[in-house]
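The numbers here are math on the coordinates, done by the rules we state, and not lab data. Just so you know, these numbers come straight off a predicted model, no measurement behind them. Quick reminder, even Gly has a Cβ in these numbers, built from the backbone with ideal geometry, and neighbours come from all protein chains shown.
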Amino acid sequence: MEKLFKLKENGTTVKTEIIAGLTTFMTMAYIIALNPNILTNYDVGSPLWNGVFLATCIASFVAMVAMGLLANKPFCLAPGMGINTFFAVVTGNLVAMVGMDYVKSFQSVLCIVLIEGIVFLILSIFNIREKIVEAIPLGVRLGISPAIGLMLMNIGFGSNIYIADENFNQFFVMKDFFGALTAGNAKATMGSAYPVMVLSVITLFVGLFTIVVLAQKGVKACVIIGMLVASVVYWIGQAAFLGTNPFASLMAASWTPAFGDMAATTLFKFNFSGLMDIGWFTIITLVITFCIIDMFDTIGTLVGTASRANMVDEQGNMPNMKEALLSDAIGTVVGSCTGTSTVTTFIESASGVEAGGRTGLTAITCGVVFLACIFISPVAAVIPAAATSAALIYVGVLMVSSLSKIDFADISIALPVAIMLIAMPISGSIGHAIGLGLISYTIVKIFTGKAKEVSALTYVISAIFLIKFFLAV
């Protein structure tokens, strides 16, 4: 382990790395079921759903092993949120445009993901993606980490915890519970969902305060312990106050992987003939869109998390950036071959970093558990969202603290950073927020007589984002 991961050099141990890997897994385990839900339009239990489920676990495992062995970094990967929704929308549009059934349309979009992955492999091998990272001005790069922090807090208090009533109406912690005029008003609005919401809020804060207290006492495993404590509180609350069995899903769960469904629906099932039906212009547009979204989401996550973990040099560059970017390209190619959308680095990796993860052993640990979920996926499903939200909020607070590194006296830096701080949590896209930041940085420099301070590649990237945002095709 020492020879492979350089544990002493990175100030860590095998125990710390494994705990960090498990911590990251617990915060991102939701993707295992949510990704096939989104990509198949919630057709749970269908052959396509089973295929995407297995592809999610396998592609994530391969990408994390690549990250661990090639880059020796603690960053974990899986099919990205946001871009999987875009994948599903494109699939649905193909059904409407050319009349294919959903599975055939899905297999056509897999071709686009394959092309994207190959493009990324080429760009990574020839250091072009690394050059794109370096083109982001240092001040803007420093703002990525706190912006991701706000995004994590927004996820923790917002979208990660939603409670549905019997009519499938969804209610959220910050908007519907804390945003209610009174507690009585919240209860009347949520109806049968209210008791579950109260339990979720209690669980969230028990987990958060447990993590904070343990962190203050120097406990390295504070995040995972906090999530476990929160989970126990939620399970007890389910049994004692809601009258439900927290482990009921385990009894009816299937523990046998549906490899036959995967072979029939997603494994190397590329429908190139169906893809051709939409025309070359549309294909090229979709490939470019997939590439832009994934490239800057991955760059933002790597730069932001690495900055928080002090894994960057004085110029804000991370060692082994090329290998880290190559890992996500490998994951995307494997994902397309097995049957899932673009694989990218997860911002939840920050939870493992805060737990002490500093090497690729963290990523490989998380990857191994993802692969094991082929057989034990029902176990991941019993981890309550409120417990993972506690970890996301805590890590978000820590990442926001790095705002102190930014020179707010320089408006050419202050404006892009401020825009990223608000754009990232609201848009839900790291890449789009970085794009807005780069556009504003470039415009300020141009109109303050400092155009020569902007690199040629920064101009190109800004122009690409302007085209993406405003050119309707």
Query raised in the report: Taking the simple approach of a point 7 Å from Cα along Cα-to-Cβ for both Glu9 and Ser427, what is their distance in nm?
Result: 3.7
Query raised in the report: In nm, what is the difference between 0.36 nm times the number of residues separating Ile464 and Val98 and their Cα-Cα distance?
Result: 128.8 nm
Report task. Calculate the length of the line joining the C-alpha centroid of region 56-119 to that of region 289-329, in whole Å. Result -> 19
Query raised in the report: When the helices in the chain are scored as -39500 (n - 2.57) per DSSP H run of 4 or longer and the sum is shared across all residues, what 222 nm value do you end up with, to the nearest 500 deg cm²/dmol?
Result: -22000 deg cm²/dmol
Query - Column: log10 I(q)/I(0), Debye, Cα scatterers of the chain, q = 0.08, 0.10, 0.13 Å⁻¹ - result: -0.47, -0.74, -1.27
Query raised in the report: Dipole of region 239-381 (Lys/Arg Cβ +1, Asp/Glu Cβ -1, origin at the Cα centre): which of Ser327, Asn271, Thr342 lies farthest to the positive side?
Result: Asn271
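When Ser200, Ser351, Ser231 are ordered from fewest to most other Cβ atoms inside 10 Å of their Cβ, what list results? Write down the numbers at each step before the final one.
Details: Ser200 25, Ser351 31, Ser231 22.
Lowest to highest Cβ neighbour count: Ser231, Ser200, Ser351.
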**Report entry** Under 16 Å from the Cα of Lys8 - lysines, other chains or at least 8 residues apart
**Finding:** Lys73
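Counting other beta carbons within 10 Å of each Cβ, put Glu354, Glu453, Glu166 in order, fewest first. Show your work: numbers first, answer last.
On the way: Glu354 24, Glu453 13, Glu166 8.
If I rank by nearby Cβ atoms, fewest first, I get Glu166, Glu453, Glu354.
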Query - region 2-403, dipole about Cα centre (Lys/Arg Cβ +1, Asp/Glu Cβ -1), debye to the nearest 20 - result: 700
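So how much slack lies between Asp410 and Phe259, counting 0.36 nm per residue of separation and subtracting their Cα-Cα distance, in nm? Write down the numbers at each step before the final one.
Numbers: separation 151, 0.36 × 151 = 54.36 nm, distance 5.62 nm.
Contour length minus the Cα-Cα distance gives 48.7 nm.
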Query raised in the report: Tell me, what is the percent relative contact order of the chain, built from C-alpha pairs under 8 Å that lie six or more residues apart?
Result: 36
Query raised in the report: All other residues with a Cβ under 13 Å from the Cβ of Thr442 taken together, and with Lys, Arg as +1 and Asp, Glu as -1, what is their net charge?
Result: +2
**Report entry** Estimated vicinal HN-Hα couplings, Hz - region 415-420 in sequence order (Karplus 6.51, -1.76, 1.60; Gly, Pro = x)
**Finding:** 5, x, 5, 4, 5, 5
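For a footprinting-style exposure proxy, rank Leu142, Leu471, Leu361, Leu457 by other Cβ within 10 Å, fewest first.
On the way: Leu142 23, Leu471 8, Leu361 26, Leu457 14.
Least to most surrounded, the residues fall as Leu471, Leu457, Leu142, Leu361.
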Requested in this report: Report the calculated FRET efficiency for Glu166 and Leu250 (r = Cβ-Cβ distance, R0 = 25 Å), to the nearest 0.05.
Outcome: 0.60
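Report, to one decimal in Å, the Kirkwood hydrodynamic radius for region 116-176 based on all distinct Cα pairs.
Computed over Cα pairs of region 116-176, the Kirkwood hydrodynamic radius comes out at 15.0 Å.
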Requested in this report: Evaluate the Kirkwood expression for the hydrodynamic radius of region 11-148, namely the inverse of the mean inverse distance over all pairs of different C-alpha atoms, and round to one decimal in Å.
Outcome: 17.5
Query - All aspartates and glutamates inside 19 Å of Lys445 as judged from Cα atoms, apart from same-chain residues fewer than 8 positions distant - result: Glu134, Asp407, Asp410, Glu453
Report task. Measure of size requested: the Rg and Dmax of region 360-473, with Cα atoms as the atom set and Å as the unit; please supply both. Result -> 19.8, 61
Report summary line: Taking Lys and Arg as +1 and Asp and Glu as -1, residues besides Glu2 with C-beta under 11 Å from its C-beta add up to +2
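Quick one: net charge of Leu286's neighbours, Cβ under 14 Å, K/R +1, D/E -1? Walk me through the intermediate numbers first.
Working: positive: Lys468; negative: Glu116, Asp277, Asp294.
Around Leu286, the charge tally is -2.
What FRET efficiency comes out for the pair Val213/Ala180, r = Cβ-Cβ distance, R0 = 51 Å, nearest 0.05? Intermediate values should be presented prior to the final figure.
Values: r = 29 Å, r/R0 = 0.56.
Between Val213 and Ala180 the formula returns 0.95.
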**Report entry** Pair Ala239, Met276: separation of 7 Å Cα→Cβ label points (nm)
**Finding:** 6.1
Query raised in the report: Between region 224-274 and region 425-473, what's the alpha-carbon centroid distance in Å?
Result: 41
Query raised in the report: In nm, to one decimal, how far is the Ile446 label point from the Leu138 one, both placed 7 Å along Cα→Cβ?
Result: 2.6
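Using C-alpha positions alone, give me the convex hull volume of region 404-470 per residue in cubic angstrom. Working shown, then result.
Values: hull volume 6.1 nm³, N = 67.
Convex hull of Cα atoms, per residue: 91 Å³.
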Query raised in the report: In nm, what is the difference between 0.36 nm times the number of residues separating Lys131 and Val44 and their Cα-Cα distance?
Result: 27.1 nm
